[in-house]
Amino acid sequence: VVRDAIQSSMYRKSYGDVQALAGLDLRVSRGAICGLLGKNGAGKTTTIKVLLGMVRPTSGAARVFGLAADDERASVEIRGRTAFVSEDKDLYGGMTVDELIRFVAPFYPKWRADLASGYLAQLELRADARIDDLSRGMRTKLALLIALSTGAELLILDEPTSGLDPVATEQVLKILVKQAGRDGTTVLFSSHQLADVEQIADHIAIVDRGRIVVDGVLDDVRSRHKRIQLVFDGDAPDAAFKSRGVVATQKQGRVLSVLSSAGEEGIVAEARALRPRTVDVLPVTLKEIFLETVGVEN
Ligand code: ATP
């Protein structure tokens, strides 16, 4: 039995001179909901395309359900067991919502007509509406409805909530969590909405310049990251911390703040030697972890 739904190691992909993936190691265990985060151009979509056999590696290997993603025959099986919603939420036009659902259903041996009709009502989509007339958000809902009804073991969703209003976003997130919990479906989704990720992901992976820079169980990632804040009587000194885990150091007036990815102990000891007035260890949000790990250009 293969425990990981997805496993890629040292995966590299270049488009000409552009290195989209620079040695990507990603692991998603079965049944996990994994949020894939990263700035624009970080390599999220390329990662997804690799897993679906739409992009071939320059080097490295990626496996889905233990099958090699770059092997053509294996890739057919992978795609048969996976539902994918692309960034553009592309759908066949020229049909109504109901016609499209009836058209795609026979392609999926495990199609769940019960889920499709349930989600249709829940997401307030009109069965007789023409696809070409749907708004962007409605198209997204329909693309997700279809993916969720295929009976797939793995859902790969590229920015599933982009363009959805807050109500629809909430509905979609709830549906994803419920379905994953009930059917053991693995979900890999990319998102720029950190709140969405915090709400439903149990695992996260942050991609930066084609590499995974942070990954793991969301609660573990949050608990091993700490902000160590030093307040001085006068201006904070310039300090370079040598302890393991320093992600970023910021100085502002009397305050020196260090983000650590490996707890606080070493840094607190170093901090005390600088004789600040106070040293505090503070929890950090996913947003802070994200911004400081991928680096905000000042
Ligand atoms: P976004 O958040 O903007 O969707 P992303 O993280 O999904 O970004 P990718 O689409 O994977 O990023 O792109 C990674 C890098 O690879 C970028 O520098 C991009 O310009 C480049 N790239 C992607 N596809 C191609 C292509 N077909 N040809 C050339 N370069 C490409």
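The values are calculated or read from the model by the stated rules, or taken from the named source; none is laboratory data. Small disclaimer: the values here were computed from a predicted structure and weren't measured. Cβ: placed from backbone, ideal geometry, glycine included. Neighbour counts: every protein chain shown.
Observations
- When restricted to residues that are in contact with a helix residue (DSSP H, G or I) (Cβ under 6 Å, 6 or more places away or on another chain) and more than 16 Å from the ligand (Cβ to nearest atom), the stretch 7-33 contains 1.
- Matching option when the condition is within 24 Å of Arg182 (Cα to Cα), in a helix (DSSP H, G or I), out of contact with any Lys or Arg (no Cβ under 7 Å at 6 or more places or on another chain) and of a type in the set (A, V, I, L, M, F, W, C), among Ala147, Ala143: Ala147
- Taken over the stretch 40-53, the criterion of being part of a loop (DSSP other than H, G, I, E, B) and within 7 Å of the ligand (Cβ to nearest atom) is satisfied by Asn40, Gly41, Ala42, Gly43.
- Every residue from the stretch 50-87 that is under 21 Å from Phe107 (Cα atoms) and of a type outside the set (A, V, I, L, M, F, W, C): Gly53, Glu72, Arg73, Ser75, Glu77, Arg79, Gly80, Arg81, Thr82, Ser86
- The residues on offer are Asp233, Asp220, Asp238, and the sole one that is in a helix (DSSP H, G or I) and surrounded by fewer than 16 Cβ atoms within 10 Å (Cβ to Cβ) is Asp220.
- Filter pass, Gly66 being farther than 22 Å from Gly184 by Cα and either surrounded by fewer than 17 Cβ atoms within 10 Å (Cβ to Cβ) or in contact with a Pro (Cβ under 9 Å, 6 or more places away or on another chain) (or both): no
- Only a single item in (1) in contact (Cβ under 8 Å) with a residue 40 or more places away in the chain; (2) part of a helix (DSSP H, G or I); (3) more than 13 Å from the ligand (Cβ to nearest atom); (4) touching a strand residue (DSSP E or B) at 6+ places or on another chain (Cβ under 6 Å) is not met by Ile101, and it is number (4).
- Only one entry in Leu37, Leu51 is under 15 Å from the mean Cα position of the chain (by Cα), modelled with pLDDT of 95 or more and buried (at least 19 other Cβ atoms within 10 Å of the Cβ), namely Leu37.
- Exactly one residue out of Arg56, Arg63 is away from the ligand (no atom under 16 Å from the Cβ), of a type in the set (D, E, K, R) and at pLDDT below 95, and it is Arg63.
- The single condition among (1) hydroxyl-bearing (Ser, Thr, Tyr); (2) in contact with a strand residue (DSSP E or B) (Cβ under 9 Å, 6 or more places away or on another chain); (3) not in a helix (DSSP H, G or I) that Tyr92 does not meet is (2).
- Filtered residue count, the stretch 156-172, keeping only those that are more than 21 Å from Val97 (Cα to Cα) and crowded, with 21+ Cβ neighbours inside 10 Å: 3
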